[in-house]
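The values are calculated or read from the model by the stated rules, or taken from the named source; none is laboratory data. Note that this is a predicted model, so its numbers are computed, not measured. For neighbour counting, all protein chains shown are included, and Cβ atoms are generated from backbone atoms with ideal geometry for every residue, glycine included.
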Amino acid sequence: MKLAVAFLCYQNSSSPYLTEFLASLKKALEPLNTEILILAGDNSGSDDRSNEDYILAYNRQHAEQIRYFDFKTNLGFAKAYNFLINTARANKAEYFLMLNPDMLLDSEAIKKMLLALDGDSSLAAVCPKTYRWDFRNKQLTKIIDSCGLQLKPGLRFYDLGQGELDYGQYDRADIIGPSGAVGMFRLSDLEKISVRGEFYDERFFMYKEDCDLAYRLKLNHLSTRLLSSAFCYHDRSAAKQGNLWQTCLNWRKRSKSTRSWSFVNQHLLFLKYILLESYYSRFLIVLRVIFYAFFSLFLAQFLLKDYTRINRLINRLD
């Protein structure tokens, strides 16, 4: 049995977390009695070497060596992770754990995820219960960041429980896939859902690619399980707080480029899967598209230019 663990770095948005993240990763890997491959991809695309410096310092101090890949540019989440997944496959890994570096892992989290996947061949993926990490104030909370992805009619993907105080209300909930922040996959099942040799659809570049992958898991009847006994902590700066007003405020706090990619990729999800949805779901999708158009026209004009990108995506659909 061989496990590949992978994470991506982005300029100085990742480097402040790396010392604590890598320490928690090392501690979580210690209980494992298996071969481990650690992969780090750097999407910084600049001369900033701070992420590499942290990783090289880690390698000097520990026996587990991190294989570092400087992509020299921002490949995007999807393409960079496809590279890391293929690297894992080339090294004969059976399981693939993807992590955001802005998180802390409980010391038993990886062990529990690996045992669950290895012990149940019907599972394609597992994810831990992820809590909010208040990095600025150095506080670990019991506010849920994600219990995995769920789907509502109208292709509405959402992180289950996000922004809620945890009291075990989602411990037995059904999910369709892990959040993009953390998830462990059986590589043989990822191969079953790859399209054009891509595990993550590289047309997404970044944002909502985890929703797309989760939908393909669902289409292929490949199950994902939330492991409520495994947990970690994630610093998500613009997470939902549980009501519409706060969600709108947090949306406005996000950078325009983030909002733009999310807007485009939500439309890409509509284009790819609308015909696979029920008539009721298709009706809701049409309403959402109309709403987004009016919203862009009157409240977020900077998104109007993205319709050109959406039109190009239409021409690239299979």
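Which ones in the range 72-104 are out of contact with any helix residue (DSSP H, G or I) (no Cβ under 6 Å at 6 or more places or on another chain), aliphatic (A, V, I, L, M) and closer than 22 Å to ALA23 by Cβ?
Within the range 72-104, LEU84, LEU97, MET98, LEU99, MET103 meet the criteria.
Name every residue in the range 91-115 that is farther than 23 Å from ILE193 by Cα and part of a strand (DSSP E or B), in order of residue number.
MET103, LEU104, LEU105
How about the range 116-155: which of its residues are free of Cβ contacts under 8 Å to residues at least 40 places away in the same chain, of a type in the set (D, E, K, R) and in a strand (DSSP E or B)?
LYS142, LYS152
If you check LEU32 against the conditions, is it at pLDDT below 95, closer than 26 Å to LEU226 by Cβ and of a type outside the set (Gly, Ala, Ser)?
In short, yes.
Tell me, which helices (runs of 4 or more DSSP H) wholly within the range 223-298 include 1 or more residues that are more than 21 Å from CYS127 (Cβ to Cβ) and modelled with pLDDT of 95 or more?
By residue number, 256-273, 279-298.
Tell me which residues, restricted to the range 37-71, are charged (D, E, K, R) and out of contact with any helix residue (DSSP H, G or I) (no Cβ under 6 Å at 6 or more places or on another chain).
Scanning the range 37-71 gives ASP47, ARG49, GLU52, ASP53, ARG60, GLU64, ARG67, ASP70.
Which numbered condition trips up CYS232, out of (1) out of contact with any Pro (no Cβ under 8 Å at 6 or more places or on another chain); (2) within 22 Å of LEU8 (Cα to Cα)?
That leaves (1) as the condition not met.
So, in the range 1-58, how many residues would count as being among the aliphatic types (A, V, I, L, M), outside any helix (DSSP H, G or I) and either free of Cβ contacts under 8 Å to residues at least 60 places away in the same chain or crowded, with 21+ Cβ neighbours inside 10 Å (or both)?
10
Taking ALA173 and the conditions (1) more than 25 Å from GLU20 (Cα to Cα); (2) in contact with a helix residue (DSSP H, G or I) (Cβ under 9 Å, 6 or more places away or on another chain); (3) surrounded by 13 or more Cβ atoms within 10 Å (Cβ to Cβ), which numbered condition does it fall short on, given that it satisfies the others?
All conditions pass for ALA173, except number (2).
Every residue in the range 180-207 that is outside any helix (DSSP H, G or I) and either surrounded by fewer than 22 Cβ atoms within 10 Å (Cβ to Cβ) or at pLDDT below 95 (or both), please.
The answer is GLY180, ALA181, ARG186, SER194, VAL195, ARG196, GLY197, GLU198, ASP201, PHE205, MET206, TYR207.
So which pairs qualify, if the first residue must be in the range 289-314 and not assigned by TED's automatic domain parsing to the domain that holds VAL264 and surrounded by fewer than 10 Cβ atoms within 10 Å (Cβ to Cβ), the second must be at pLDDT below 90 and assigned to a loop (DSSP other than H, G, I, E, B), the Cβ gap must be under 8 Å, and the two must be at least 6 apart or on different chains?
Pairs that qualify, where the first residue is not assigned by TED's automatic domain parsing to the domain that holds VAL264 and surrounded by fewer than 10 Cβ atoms within 10 Å (Cβ to Cβ) and the partner is at pLDDT below 90 and assigned to a loop (DSSP other than H, G, I, E, B): there are none.
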